[in-house]
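J.: Okay, handing you the structure first.
Derivation of every value follows stated rules applied to the coordinates shown; laboratory data play no part. Owing to the predicted nature of the structure, the values given are computational and were not obtained by experimental measurement. Here Cβ is always computed from backbone atoms with ideal geometry, including for glycine, and neighbour counts include all displayed protein chains.
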Amino acid sequence: MALFLIRVPANYLRVVRVALIVILNLVLFKVLAQSRKDSIDVFIHQQMRERHIPGLQLAILRNGQINQLSAYGLANIEHNIKTTNQSVFSINSITKAFVGVAIMQLAEQGKLRIDTPITQYIDSLPTAWQSLTIQQLLTNTSGLPNIIDQDEHVLGGGQEQAAWLAVKALPLEFISGDRFSYNQTGYVILGKIIDQVSGVPFIQFIDDNQFKVVGMNFTRFGDSGDVIPNSAGVYTKLRNVNGKWLARDAKNPLGVGFAEFPTFFRTATGILSTVQDMAHWLMALQSGKLLKKKESLEALWTPARLNNGQVGGFNELTNGYALGWPTVTRDEHPAVAPVGGGRSALFVYPRDNLSIVVLTNLQGANPEWFIDEIAGYYYPEMHKANGFGLSPSLKTLRTELLKKGFAKAIPIAKMLQQKNASFHLRGDQLNSWGYYLLSETKGPEALAIFNLIVSLYPQSANAYDSLGEAYATMGDKANAIHNYKRSLELDATNQNAANQIAQLSKTP
């Protein structure tokens, strides 16, 4: 019998080995990507349950590409219509980010400068307004009186001429640049400036230079009075009472909302879109398709400095405001973060090549408070469970508590204060952390933090109220009532404490 030997090229096995490694890496990448998506889906469903969100869209962009595009829940509750990637959501004040882009496009065209007085572009303004700049209007640092009332209704019954006359008769609220104050008047003026310098209505200018350029086929201006194909509707768990947003009755937590935006007001809030359109808009913006100059994008995303050198914003998270773009100004994973109507938000993390868009149909969903957690599935240090978002002092405290035990929170905090003069624990930050621990079913740890707050702020009615709630959550009625009573002693107007005492006293 003849034997035939096949000679294998010297590099054959090496080529096969490399090919196998590439294949295995691709398989592993797909497995890890699917695992991440599954984890994010579980997290989103959890948030929707806890926040009573009917419908939600999610887009995640990484390195300039769409990494995930998902739709969840119901776009319309009454007719049981599922949310799809084509469902159209109102993005409310995220509209201001589009206005910021429009202004910078006009600046690139040489038709305006953001640092010049607005009287160069429109006339018939009150004397006190004439030195204000476009930049101050965009950043909500102008001091202008607001064109909406405390119930968020446009002045003058929503009629443009009446509203304009009414707001012009009001005095400035503060010296321009002294502080941040969210203001719709500035954006109405910006709409007039876009009309004037572009030669077309601002709606057409934004449509021509952003929607059409990007191919945002589902995006448009409108409100509840318009017939909008694929509309996701508007729901709310809030009601406005004398200028304050309060929760609806627990038996009927959701109601149908109605959004009315007069045409002249739509630079302040008026765009409807889909998460897919928004993702393509962000990719176009960051790739130079909408703004040609790198410095234009840098200016768009740089928060304004107040007269005292600080930045000002809505809250501890969105703590700065750039040109129509709220900012999350922090050392770790900073972001620009437009938010809209308490229902939609997007975070762009410039240093991380990551962007996350969440659109919902529920006013009061406030997705800005959980987008960082979604980012944590790409950057694990961003998970709250790993201490992300805590102040430097709180991070130091957390590190020591994890080593030595939460039961020693009070002596550990005292020790850290004695060792470091800059170590300071704010009551509101501790309170937020305590509630987070409580939400994670870490009752003993939460109790330790709430007891620490009481020790640091013994005259705070809110501290005792929170401690009472923690005890009640853990089923310790006696201590819950005791702390609610102490809260009521410090603040006789604390109706929540009174109600909780009455309820806990009746419970067997």
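J.: From Cα pairs below 8 angstrom and at least 6 apart in sequence, can you work out the relative contact order of the chain, rounded to a whole percent?
T.: On the way: 834 pairs, mean separation 74.5, N = 508.
Result for the chain is 15 percent.
J.: Which of the pairs LYS212/LYS293; LYS419/LYS485; LYS96/LYS192; LYS237/LYS442; LYS395/LYS442 have their Cα atoms more than 24 Å apart in this structure?
T.: Details: LYS212/LYS293 20 Å; LYS419/LYS485 35 Å; LYS96/LYS192 14 Å; LYS237/LYS442 28 Å; LYS395/LYS442 18 Å.
Over 24 Å Cα-Cα: LYS419/LYS485; LYS237/LYS442.
J.: Taking K and R as +1 and D and E as -1, what net charge do the other residues with C-beta under 13 Å from the C-beta of SER70 add up to? Mind dumping the intermediate values first?
T.: Working: positive: ARG36, LYS37, LYS82; negative: ASP38, ASP41.
For residues surrounding SER70, the net value is +1.
J.: Through the Karplus equation 6.51 cos²θ - 1.76 cosθ + 1.60, θ set to phi - 60°, convert the phi angles of the range 182-199 into ³J(HN,Hα) values in whole Hz; use x for Gly and Pro.
T.: So the Karplus estimates, Gly and Pro as x, are 4, 8, 8, 4, x, 6, 5, 5, 4, x, 5, 5, 4, 3, 5, 7, 8, x Hz.
J.: Next question, about the same structure. Once the piece of chain linking LYS395 and THR127 is laid out straight, how much longer is it, given 0.36 nm per residue of separation minus the C-alpha distance between them?
T.: Working: separation 268, 0.36 × 268 = 96.48 nm, distance 4.95 nm.
Here the answer is 91.5 nm.
J.: Then there is this: Tally Lys and Arg at +1 and Asp and Glu at -1 over the other residues with C-beta under 9 Å from the C-beta of LEU438: what net charge comes out? Each step should come with its number before you reach the end.
T.: Values: positive: LYS442; negative: GLU440, GLU445, GLU469.
My count for the surroundings of LEU438 gives -2.
J.: Within 15 Å, Cβ to Cβ, of ARG330, how many net charges do the neighbouring residues add up to if Lys/Arg are +1 and Asp/Glu are -1?
T.: Numbers: positive: ARG351, LYS384, LYS395; negative: GLU316, ASP331, GLU332, ASP352, GLU368, ASP372, GLU381.
Here the count lands on -4.
J.: How much FRET efficiency would the formula 1/(1 + (r/R0)^6) give for ARG426 and HIS153, where r is the Cβ-Cβ distance and R0 is 41 Å, rounded to 0.05? Don't skip to the end; give the middle numbers.
T.: Details: r = 35 Å, r/R0 = 0.87.
With a Förster radius of 41 Å, E is 0.70.
J.: What does the C-alpha gyration tensor say about the overall shape of the range 390-506? Classify as rounded when a/c is under 1.5, otherwise prolate if a/b is larger than b/c, or oblate.
T.: Working: a/c = 2.49, a/b = 1.73, b/c = 1.44.
Prolate is the answer for the range 390-506, as a/c is 1.5 or above and a/b outweighs b/c.
J.: Over the range 390-506, what is the mean sequence separation of C-alpha contacts under 8 Å (at least six apart), divided by residue count, expressed as relative contact order in percent? Please list the in-between numbers first.
T.: Values: 125 pairs, mean separation 20.7, N = 117.
Contact order relative to length: 18 percent.
J.: Continuing with this model, one more query. Which trypsin sites (Lys or Arg not before Pro) from the range 399-446 combine a DSSP loop assignment with at most 15 other Cβ atoms within 10 Å?
T.: Values: sites: LYS403, LYS404, LYS408, LYS414, LYS419, ARG426, LYS442; in loops: ARG426, LYS442.
Hits after loop and neighbour filter: ARG426.
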